[in-house]
Amino acid sequence: MTTDPVRLSNLGSDPASVLRLVAHFDALEEQEANADAVVRTAALMAEGPVGARWPGGTVIRYDASGRLDTAEDRAPEPPRPDETVVWVERAGSAHPLDAVLVDRLRHVLRRVAQRTGVSGTPHLGDPALVEVVLSGKEHREDRARAIRLLGLDETRPTCVLAASGHSPTDTLRIVTGELPGLAVRSAVIGSATAIVCQGLFDTREISDRLERVIVEQFPVAVNVGTASGPWVGIGSGGNVFGASTSWHEALRALRFASSTGYGRRAVAYERLSSLELLADLPMDRVRRNRDVARINEIASSPTGALEVQTMEAFFVFGSLRRTAAELHVHHSTVAARLAHVQAQMGWDLDDPMDRFLATLVLMVRRIALSSAELADADLL
C-alpha cells in the first residue's frame with residue numbers, strides 16, 4: 001500500500017465509512033498484493049488478530065501490530081471442506097464493520113487464488129515472508145513461522161545471496177541453474193534480489209561457478225557497451241535462524257563484486273579475508289581521495305571511461321595480449337590506453353608499488369560505486 005491502512009477505530013458504521021473500507025481492499029486487489037500481505041493489512045486495519053486458513057491446512061495469523069502470530073490456531077470450522085476461512089478476533093465487542101472487513105478479505109483472497117492458481121495460499125518466495133526470515137529484528141517464533149510458510153527446513157544449512165545490477169528473473173534463472181538440488185526462495189528488496197538457499201554447498205565453489213556462468217552469458221566488450229549481467233555477493237552458510245547474518249554478509253560481499261565493467265561478478269564473503277576491512281572505509285573519504293577522484297574524472301568522458309575499463313580488464317586478464325583478445329582490439333590499442341591513464345595518474349605499472357596502488361584504487365572505487373547504489377536502495 002502506498003498509504004497506511006485505514007483503522008476501524010477511526011470509522012463508524014455509516015455508508016461513507018463502509019466505502020472507505022471497501023476502497024482500501026479494492027486498492028490491495030488492484031496492486032495484486034499477495035495473500036500474506038492482504039491478511040497482514042487486514043490485521044492492521046482491525047487493530048486486532050486476523051487470520052485465514054486454506055483448505056490445504058495452511059494458516060496465516062497476524063496480530064494487531066502486523067507481526068506473524070504463532071498463537072494457537074483459533075480458526076472457526078469451515079462450512080465446506082474446500083472453503084477458505086477468515087476471521088477477526090476481539091477481546092471485547094465486535095466493531096460494526098468487522099463483517100464488512102471479513103467479507104472483503106475473503107473476496108480479495110479469492111481473487112489472489114484465481115490470479116496465482118495456488119488456492120490462495122502464500123506462494124513460495126512471498127517477499128513479506130522472506131523479509132521476516134532475513135530480519136534480525138523479528139522474534140524467533142515469527143521467523144520460525146515464516147520459515148515454515150516458505151516451505152524451508154529449520155535443520156538444513158542455509159546461506160543467502162544478494163544480487164544486483166540485472167533483471168531479478170534472469171538472475172534467479174542463472175543462480176538456480178547453478179544450484180541444482182538446493183531449496184531456493186527469493187524476494188526483491190530495494191534494488192537487490194535476496195536469494196535464500198538451503199542444502200549442502202561450498203560458498204567458494206558457488207562463487208566460482210556463478211562467476212563462470214555469468215561471464216559466459218554476459219561477456220563484457222567495453223567498446224560495445226553490452227550488459228554485464230548480475231553481480232552477486234554470497235553470505236556464509238549456517239543455521240536458517242542466522243539468515244540475517246548471512247544476508248548482511250552477502251550485501252558486504254556485493255560491494256566487492258563488479259558494479260563496473262570488470263572484476264569478479266560473484267564474490268563469497270568467506271573469500272574476502274582481510275579485504276573485508278575495506279568495506280568499512282568511509283565512502284565519503286574514498287570519493288574525496290585524490291586518486292579515486294582523478295579516476296572518476298577520467299572516466300567521466302566516453303574515451304576516458306573506455307580507458308579506465310581497459311585498465312580494469314588488464315588487471316583481470318593479466319597481460320596485454322590476453323586483454324586485447326578479450327576486448328577484440330589490437331594489443332597496441334590496449335597499451336596506448338594504459339599509457340594514457342598512467343600518464344594522467346602518474347603511475348608506472350612496471351613498478352610493483354604503483355601496480356598495487358592502481359589495483360587498490362580501482363577496487364575501492366568499485367566499492368564506492370556499489371555502496372552508493374546499495375545505499376540508494378536502503379540496503380546498507
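Need one value: the accessible area of residue 330 in square angstrom, 1.4 angstrom probe, rounded to the nearest 10.
100 Å²
Taking all protein chains together and a probe of 1.4 Å, list 173, 285, 265 from the most accessible to the least accessible.
So, going from the largest accessible area down, we get 285, 173, 265.
Using the Cα atoms as the points, what is the convex hull volume per residue of segment 127-203 in Å³?
Enclosed volume per residue, from the Cα hull, is 94 Å³.
Within segment 227-296, what whole-number % of the accessible surface is contributed by carbon and sulfur, with the 1.4 Å probe and all protein chains included in the calculation?
50 percent
How would you rank 96-103, 42-49, 203-210, highest first, on the average number of other Cβ atoms within 10 Å across their residues?
Put in order of decreasing packing, that is 42-49, 203-210, 96-103.
Using only helices, what value at 222 nm comes out for the chain when you add -39,500 (n - 2.57) per DSSP H run of length 4 or more and divide by the total residues, to the nearest 500 deg cm²/dmol?
Estimated from H runs of four or more residues: -15500 deg cm²/dmol.
Calculate, axis by axis, the spread of Cα positions in the chain along the three principal axes, and write the results as whole Å, longest axis first.
That gives 81, 44, 33 Å along the principal axes, largest extent first.
Does anyone have the angle between helix 168-178 and the longest principal axis of the chain? Alpha-carbon axes, 0 to 90°, nearest 10?
80 degrees
Per residue, how large is the accessible surface of segment 252-292? Use a 1.4 angstrom probe and give square angstrom.
Heavy-atom accessible area per residue stands at 51 Å².
Starting from the residue with the highest accessible area, list 371, 274 in decreasing order, probe 1.4 Å.
If we order 371, 274 from most to least accessible, we get 274, 371.
Could you list the square roots of 5 times each eigenvalue of the Cα gyration tensor of segment 263-380, that is, the equivalent ellipsoid semi-axes, sorted largest first and rounded to whole Å?
Equivalent ellipsoid of segment 263-380: 25, 16, 14 Å, largest first.
Packing-wise, with mean Cβ within 10 Å as the measure, how do 305-313, 194-202 rank, highest first?
Sorting 305-313, 194-202 by mean packing, highest first, produces 305-313, 194-202.
How many nm is it between the label spots at residue 278 and residue 205, if each spot is 7 Å from the Cα in line with the beta carbon?
With each label placed 7 Å out from Cα toward Cβ, I get 2.8 nm.
Normalised by the residues of the chain, what does the relative contact order come to in percent, with Cα pairs under 8 Å and at least six apart?
Relative contact order, the chain: 12 percent.
The values are calculated or read from the model by the stated rules, or taken from the named source; none is laboratory data. As the structure is a computational prediction, the values presented were derived from the model and not from experiment. Reconstructed Cβ throughout: ideal geometry from the backbone, glycine too, with neighbour counts over all protein chains shown. For accessibility, only protein heavy atoms count, side chains too; no ligands or nucleic acids. Shrake-Rupley method; radii C 1.70, N 1.55, O 1.52, S 1.80 Å.
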